[in-house]
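Worksheet for the structure shown next.
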Amino acid sequence: MSRILILGGGSAGTILANQLGGRRDSVTLLTASMEHLFQPALLYIALTGANANVVRDERRLVLRSVKLVQERVTKVDLNQKLVEGSSGERYTYDRLVLATGVRTDPEQIPGLPAVYREFGNYHSGIALAQRLWSALRNFDGGTIALGQSTPICVCPPSPVEGILLLDRLLRRRGLRHRTRLVLFTPYPRAYPAQGINSVIEPLLKERGIEVMTFFDLDRIDTETKVIHSIEGDEITYDLPIIIPPFFGPDINFEPSEVADPSGFLLTDRETLRVKGFDSVYAIGDASSLPTSKAGVGAHLEAKVVARALRGDRAIFNGRTNCPMDLGDGRGTFVIGSYRTPVVPYRPSRLNLLMKHAMARMYWASLRGTLEPIFDLYFWLTTPERLSRRRVSKGA
Amino acid sequence: MTDAAVVTKVDSRGTACPGPITDLAMAYRRSKVGDTIEIWATDPGFKPDVQAWAAKTGNPIISLEEGPEKITAVIRVVRR
Ligand SMILES: Cc1cc2nc3c(=O)[nH]c(=O)nc-3n(C[C@H](O)[C@H](O)[C@H](O)COP(=O)(O)OP(=O)(O)OC[C@H]3O[C@@H](n4cnc5c(N)ncnc54)[C@H](O)[C@@H]3O)c2cc1C
């Protein structure tokens with residue numbers, strides 16, 4: 001019997017634990033918090049005032065055959081195969097999976113902690129998302145500047161979704177004509193992948209949203225209300241909505257070279273093994289994989305590692321499938337893979353319904369009972385198939 | 001004492017979303033004046049992107065080569 005240790009009970013860790021639980025191996029899941037948050041809901045809490053029930057107890061989400069322990073991991077010695085937690089407890093393993101997600105650190109950007117105290121944000125927990133909603137409720141016109149702190153963004157569609165939902169909110173409130181909406185981004189265009197940018201850019205233009213490209217956030221001066229970029233540009237704001245800088249887990253790794261300068265685990269893009277260690281894997285947002293940090297990726301990566309741990313050959317193909325709410329009752333998806341660049345995916349009402357249906361299926365999807373539906377969906381929407389269809393239609 | 005100039009190599013081949021420009025932007029954030037960034041990509045859109053990026057940030061492209069297997073861009077960081 002092999003001892004499998006999974007660190008982090010978010011989307012990736014929970015799906016993996018449930019896929020492995022009940023088999024011949026012993027599976028232990030260590031997680032810092034028993035409160036499992038459905039993160040995509042933060043967008044709607046902050047920008048539409050939604051009041052959904054978005055947290056569940058991890059103990060009710062994990063199969064009984066999995067040993068679930070509340071433990072904040074502080075140290076991982078990959079050479080000794082030893083994990084230490086803040087309780088002082090030590091854990092050993094035969095195979096290890098790191099699924100600890102991201103950590104936000106506003107202190108890295110001058111002015112950002114003060115911005116969050118006043119305005120909140122929609123990427124780090126319910127309390128800050130509610131703070132942003134109340135700042136928006138008190139907003140009476142002026143400039144709203146929305147953008148990311150660094151080029152790494154959890155859920156890359158979320159900045160564009162945020163600005164489009166704001167546009168809708170302000171129109172409904174009759175404030176749009178008095179509001180300048182600015183989306184700033186370190187990329188050359190609103191969405192970094194050109195395929196989907198070609199779908200989005202006309203919508204932003206149509207709705208009068210300004211896009212400031214090559215704007216790499218340097219600092220925020222809360223006295224003068226100016227956001228400065230490394231490139232030397234400035235935006236004066238009345239309400240700033242800033243996506244935090246994201247980092248890998250706050251864990252002391254031995255050897256430290258397994259993490260990149262932002263703390264993300266250096267992970268083989270196909271096998272998902274951590275560099276230099278055959279029995280250690282990283283999945284979900286904690287890895288340095290060159291794909292979107294998104295729940296869908298976390299899910300697919302968990303499935304790949306589940307197969308690998310069962311002894312099957314399994315390769316991750318870099319598939320992304322991020323839904324995007326376009327704020328006009330329609331949605332689109334950002335679909336691509338390592339082999340196929342992101343395809344232009346036509347917006348439709350059905351796509352938005354799919355986004356909301358997937359959200360409703362989230363808790364059940366952690367259990368693994370919906371896998372046949374997901375498998376069929378992912379097969380029907382492979383980027384290769386979608387781009388072939390476009391070519392044959394002459395699009 | 002000043003930190004010695006660093007040559008950062010970034011392998012961005014095969015990235016689909018968000019794409020190689022993310023890796024360049026991240027390397028630039030971590031860089032300092034005097035450093036060199038060498039980036040490899042396969043995404044054909046990377047060439048115009050890196051040119052636009054260099055024009056905007058004022059950091060020169062020392063070489064930009066398109067080989068059969070990859071595009072290689074070398075950038076010197078002179079401004080940030
Ligand atoms: C506003 C917003 C909208 C989003 N929309 C979408 C969407 O529409 N579609 C989509 O696919 N994705 C979306 N995402 C992204 C998605 O939520 C994440 O990519 C996904 O949750 C990543 O899963 P993960 O398991 O890697 O990390 P997480 O789900 O963050 O889980 C990490 C877990 O590790 C635990 N942990 C952390 N540190 C330690 C430690 N030291 N020791 C032990 N445990 C630890 C945490 O407690 C947590 O349980 C969105 C995210 C946001 C913020």
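In table form, for the structure just shown:
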{"quantity": "Conditions (1) closer than 18 Å to A:P156 by Cα; (2) surrounded by fewer than 24 Cβ atoms within 10 Å (Cβ to Cβ): number failed by A:G263", "calculated": "(1)"}
{"quantity": "Those residues of the stretch A:268-304 which are within 14 Å of the ligand (Cβ to nearest atom), open to solvent by 20 Å² or more (accessible area, probe 1.4 Å) and over 21 Å from A:S365 (Cα atoms), in sequence order", "calculated": "A:S288"}
{"quantity": "Scan of the stretch A:311-364 for residues that are within 16 Å of the ligand (Cβ to nearest atom), within 13 Å of chain B (Cβ to nearest Cβ) and part of a loop (DSSP other than H, G, I, E, B), ordered by number", "calculated": "A:F316, A:G318, A:R319, A:S337, A:V342, A:Y345"}
{"quantity": "Hey, B:G58 within 10 Å of another protein chain (Cβ to nearest Cβ) and out of contact with any strand residue (DSSP E or B) (no Cβ under 9 Å at 6 or more places or on another chain) or not", "calculated": "yes"}
{"quantity": "Which numbered condition A:R23 misses (of (1) open to solvent by less than 60 Å² (accessible area, probe 1.4 Å); (2) at pLDDT below 95)", "calculated": "(1)"}
{"quantity": "Number of the condition not met by A:I243 [criteria: (1) within 9 Å of chain B (Cβ to nearest Cβ); (2) buried (at least 21 other Cβ atoms within 10 Å of the Cβ)]", "calculated": "(1)"}
{"quantity": "Scope the stretch A:87-118; condition hydroxyl-bearing (S, T, Y), away from the ligand (no atom under 14 Å from the Cβ) and open to solvent by 30 Å² or more (accessible area, probe 1.4 Å); matching residues", "calculated": "A:T92"}
{"quantity": "Number of positions in the stretch A:246-285 that are at positive phi and within 14 Å of another protein chain (Cβ to nearest Cβ)", "calculated": "1"}
{"quantity": "Search result, residues across the stretch A:143-168 that are more than 13 Å from every other protein chain (Cβ to nearest Cβ) and not in a helix (DSSP H, G or I)", "calculated": "A:T143, A:I144, A:A145, A:L146"}
{"quantity": "Residue list for the stretch A:310-321, filter: open to solvent by less than 10 Å² (accessible area, probe 1.4 Å) and modelled with pLDDT under 95", "calculated": "A:G318, A:T320, A:N321"}
{"quantity": "Unique residue being β-branched (V, I, T) and touching a Pro at 6+ places or on another chain (Cβ under 9 Å) when the list is A:V334, A:V304", "calculated": "A:V334"}
{"quantity": "Condition check for A:E84: without any contact (Cβ under 8 Å) to a residue 24 or more places away in the chain, more than 9 Å from the ligand (Cβ to nearest atom) and open to solvent by 10 Å² or more (accessible area, probe 1.4 Å)", "calculated": "yes"}
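For (1) assigned to a strand (DSSP E or B); (2) at pLDDT below 85; (3) facing chain A (nearest Cβ under 9 Å); (4) open to solvent by 10 Å² or more (accessible area, probe 1.4 Å), each residue gets a yes or a no:
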| position | (1), (2), (3), (4) |
| --- | --- |
| B:G14 | no, yes, yes, yes |
| B:V33 | no, no, no, yes |
| B:I37 | yes, no, no, no |
| B:K47 | no, no, no, yes |
| B:Q51 | no, no, no, yes |
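The values are calculated or read from the model by the stated rules, or taken from the named source; none is laboratory data. Remember, it's a predicted structure, so these values are computed and weren't measured experimentally. We place every Cβ from the backbone using ideal geometry, glycine too, and count neighbours over all the protein chains shown. Please note that ligands, DNA and RNA were not included when accessible areas were found on the heavy atoms of the full protein model with its side chains. Shrake-Rupley method; radii C 1.70, N 1.55, O 1.52, S 1.80 Å.
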